[in-house]
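To keep things clear, I will list the structure first and then write my remarks on it.
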Amino acid sequence: MAGPPQSKADYVYASLLDDLRNARLSGGTPLRATEIAQRLGVSITPVREALRRLENDRLIRYEQNHGATVIDLSADALVEYYSVRAVVEGLGARLAADRITDEQLARLWTIHERMVADEQAGRYELLGEQSREFHLAIADIGGPAFLGAHARAVRNNFPVPAHASLWLDPDQARNHLTVHEHLLKALKAGDGTTAERIMVEHVQFSGRYRLDRAGS
């Protein structure tokens, strides 16, 4: 992660958000201000401010006699989350097909090839974050003024728990790398309709997979 932002509260907030996004803090995990302060080398005050911000983001909640805990998404919330992602990231893919440069396409291929190498080496724990990078790069290409930032905000607010990531499933990892390759070919061809369809179906499948995992 990048160095500390402008204030200690920003630093704590960014650190906790990164932990949530990368599933180092899963749903139901208690967040104790004193422990966080000691771990990050700050006082209690910026920790409390950061926790209030996370509560406003609906990522944590306070319960009587329990303090702050990380929120688990309900089934309805998961459906909404992946539906929003499908629309936003699908639109980003369609717009990217018209705007992508050779340099940008080469960067996406580099990410993809790195993921393929990690999958073949069995480094499945590295794939989820790289997939996030891949998806957000496409959204940034398609919507540099607004859409990319919106796609990033949606993902940051509802991180995927480690146990729910389809990238830890070898069969799913191989299948989704194939999908990424087809998406790259559509972007290279400038075929926005196909790129959007592939992205929408890809995100929707991820949502169904996570719902199935949550219900098991």
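The table for this structure:
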{"item": "Hydrodynamic radius by Kirkwood, which averages 1/r over all alpha carbon pairs of region 89-216, in angstrom", "result": "14.7"}
{"item": "Amide H within-cut-off set for G143, under 5 Å, with H built and near neighbours excluded", "result": "G148"}
{"item": "Top of S43, S206, S15 by mean-square fluctuation, Gaussian network on the chain, Cα under 10 Å", "result": "S43"}
{"item": "Residue-normalised accessible area of the chain, expressed per residue, 1.4 Å probe, Å²", "result": "52"}
{"item": "Estimated 222 nm signal from helices in the chain, with DSSP H stretches of n ≥ 4 weighted -39500 (n - 2.57), rounded to 500", "result": "-23000 deg cm²/dmol"}
{"item": "Principal axis dimensions, largest first and in whole angstrom, of region 120-162 by Cα", "result": "37, 21, 6"}
{"item": "Distant-in-sequence amide H partners of F158 (H built 1.01 Å from N, under 5 Å)", "result": "none"}
{"item": "Long-range HN-HN contacts of L31 with modeled amide H, under 5 Å", "result": "A68, T69, V70"}
{"item": "Fraction of accessible area attributable to carbon and sulfur, region 1-148 (%, probe 1.4 Å)", "result": "49"}
{"item": "Angle between the chain longest axis and helix 102-120 axis [Cα atoms, degrees, rounded to 10]", "result": "70"}
{"item": "Listed residues H180, H112, H66, most fluctuating in the chain (Gaussian network, C-alpha, under 10 Å)", "result": "H66"}
{"item": "Space enclosed by the convex hull of the alpha-carbon atoms of the chain, per residue, Å³", "result": "132"}
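The values are calculated or read from the model by the stated rules, or taken from the named source; none is laboratory data. Predicted model, so just to flag it, every value in this text is computed and none were measured. The area values use the complete protein model at the heavy-atom level, side chains included, leaving out ligands, DNA and RNA. Shrake-Rupley method; radii C 1.70, N 1.55, O 1.52, S 1.80 Å.
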